[in-house]
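Chemist: Pasting a structure here, questions to come.
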Amino acid sequence: MSHFSEQIQIWYHNNRRDLPWRETKNPYHIWLSEVILQQTRVQQGIDYYNKFVHAFEDIKTLSNASEQEVLNLWQGLGYYSRGRNLHKAAKMVVHEFQNQFPRIFDDIRKLPGVGNYTAAAIASFAYNLPHAVVDGNVYRVLSRYFNADEFIDTPQGQKYYQALADELLDRQNPANHNQAIMELGALVCTPKIPNCQNCPLGDTCEAKSKKTWSELPRKKGKIKVRARQLNYFVSINKQNVLLQKRGEKDIWANMFEFPLVEGDEIDSQILKNVRFLKTLNHKLTHQNLTVNFYAVDNVDEISINHSAEWISLDALKDYPLPRVIERFLAEEYELISR
DNA sequence: AAGACGGGGTT
DNA sequence: AACCCAGTCTT
């Protein structure tokens, strides 16, 4: 075993957090946790993990749920294609893998929503197979330990770090090794101010001795944010609210919203028949949304779309809503959607 | 190779 | 306001 792997595993043994999915080898639970944790902080994911485990006892149960039920439980977590793919993958496990979660990397990797990271995580954590995980934590630890300036957000760079991770992997204890390197990245080798004093790798880390840690890892970067204006027309009474389902593309696919007109120009005929309520600013990674809400007092006077349906307020909790819609309903009408 | 896809915490 | 989080999929 390499010095690197030995040190991080000793450290992990003494410093690991107790997390719900670390108590199990159940591939369903491991898979669920890994999908939830994609681009998501551990703290944010814990409640969702517990909700899903409780709601869907096994993969068969999950596969028999509706997509809407799954999205409803996913509500508020973001990146909703994860929820839709989770559901699709459950059906695939049941129908194409004979309700037997796949046991080798290549088969696990075939499930929708499971990429190289997640397949390696499941293969190692559930079956102790020798596949090295490379996530955001690992990029940070490796780029600093080797003072590597390869970009982490290009295909070449990713191949480079995957090869590095593969070499370093303790093939006798891949599960423990993988957990250790990620935990080190999460707790010690942090993005801004890493805690190098308490790092088990000490001075064998090149970025520490060369004092380059603040520059690593390197990204090509450049995300551009576009501004977008959403105008929602709210029809609501004592019993019902008018909602429509969003499409397959775009943000919030297959989730529900009020009748929508997008853009900064609203038909004057429409404006005559509505009452401005409020504006909420909602930031996504690639979009800054200005969301205007208008009350429609006389629904017959206005026609915005034809696919909207009246939903009873009691059933509202069964409809997956974007955060900003949920927030509006809570603030304006004290309606809780779940 | 680049863009799309959420929501929230940290600095 | 910028950056990042147990990334993946589409174009």
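The values are calculated or read from the model by the stated rules, or taken from the named source; none is laboratory data. Small disclaimer: the values here were computed from a predicted structure and weren't measured. Cβ: placed from backbone, ideal geometry, glycine included. Neighbour counts: every protein chain shown.
Chemist: Inside the range A:53-79, can you point out the residues that are surrounded by fewer than 21 Cβ atoms within 10 Å (Cβ to Cβ), over 17 Å from A:ARG323 (Cα atoms) and not β-branched (Val, Ile, Thr)?
Modeler: A:HIS54, A:ALA55, A:GLU57, A:ASP58, A:LYS60, A:SER63, A:ASN64, A:ALA65, A:SER66, A:GLU67
Chemist: Go through (1) assigned to a loop (DSSP other than H, G, I, E, B); (2) more than 30 Å from A:GLU326 (Cα to Cα) one by one and return the number of the condition A:ILE223 breaks.
Modeler: (2)
Chemist: Looking only at the range A:43-52, which residues are more than 9 Å from DNA strand B (Cβ to nearest atom), touching a residue at least 24 places away in the same chain (Cβ under 8 Å) and surrounded by fewer than 15 Cβ atoms within 10 Å (Cβ to Cβ)?
Modeler: Matches in the range A:43-52: A:ASN50 only.
Chemist: So, A:LEU129, is that one assigned to a loop (DSSP other than H, G, I, E, B) and either more than 8 Å from DNA strand C (Cβ to nearest atom) or free of Cβ contacts under 8 Å to residues at least 12 places away in the same chain (or both) or not?
Modeler: Here the answer is yes, as A:LEU129 does meet what is asked.
Chemist: Out of (1) more than 14 Å from DNA strand C (Cβ to nearest atom); (2) part of a helix (DSSP H, G or I), the odd one out for A:LYS88 is which?
Modeler: Every listed condition holds for A:LYS88 apart from (1).
Chemist: Test A:TYR160 against the criterion of being more than 11 Å from DNA strand C (Cβ to nearest atom), part of a helix (DSSP H, G or I) and either of a type outside the set (A, V, I, L, M, F, W, C) or without any contact (Cβ under 8 Å) to a residue 40 or more places away in the chain (or both), and give yes or no.
Modeler: Against the criterion (more than 11 Å from DNA strand C (Cβ to nearest atom), part of a helix (DSSP H, G or I) and either of a type outside the set (A, V, I, L, M, F, W, C) or without any contact (Cβ under 8 Å) to a residue 40 or more places away in the chain (or both)), A:TYR160 qualifies.
Chemist: Can I ask one more? Among (1) within 15 Å of DNA strand B (Cβ to nearest atom); (2) free of Cβ contacts under 8 Å to residues at least 12 places away in the same chain, where does A:GLN197 come up short?
Modeler: If we test A:GLN197 against (1) within 15 Å of DNA strand B (Cβ to nearest atom); (2) free of Cβ contacts under 8 Å to residues at least 12 places away in the same chain, just (1) comes out false.
Chemist: Is the range A:102-124 home to any residue that is part of a loop (DSSP other than H, G, I, E, B), on the phi > 0 side of the Ramachandran plot, in contact with a helix residue (DSSP H, G or I) (Cβ under 7 Å, 6 or more places away or on another chain) and more than 9 Å from DNA strand C (Cβ to nearest atom)?
Modeler: no
Chemist: Still on this model: Please determine whether any residue of the range A:54-73 is over 22 Å from A:TYR127 (Cα atoms) and within 14 Å of DNA strand C (Cβ to nearest atom).
Modeler: no
Chemist: If you don't mind, there's one more thing I want to ask. If you go through the range A:1-15 one residue at a time, how many are in contact with a helix residue (DSSP H, G or I) (Cβ under 6 Å, 6 or more places away or on another chain) and within 16 Å of DNA strand C (Cβ to nearest atom)?
Modeler: 3
Chemist: Hey, any hits in the range A:149-158 for a residue that's buried (at least 19 other Cβ atoms within 10 Å of the Cβ) and either away from DNA strand B (no atom under 14 Å from the Cβ) or under 24 Å from A:ASP107 (Cα atoms) (or both)?
Modeler: No, the range A:149-158 has no match at all.
Chemist: Here's another thing I want to ask about it. If you check A:ASP166, A:ASP203, which single one turns out to be charged (D, E, K, R) and either within 16 Å of DNA strand B (Cβ to nearest atom) or modelled with pLDDT of 95 or more (or both)?
Modeler: Sole residue among the options that is charged (D, E, K, R) and either within 16 Å of DNA strand B (Cβ to nearest atom) or modelled with pLDDT of 95 or more (or both): A:ASP166.
Chemist: Go through the residues of the range A:11-19 one by one and say whether even a single one is buried (at least 20 other Cβ atoms within 10 Å of the Cβ) and either within 24 Å of A:ILE104 (Cα to Cα) or within 19 Å of the chain's Cα centre (by Cα) (or both).
Modeler: No.
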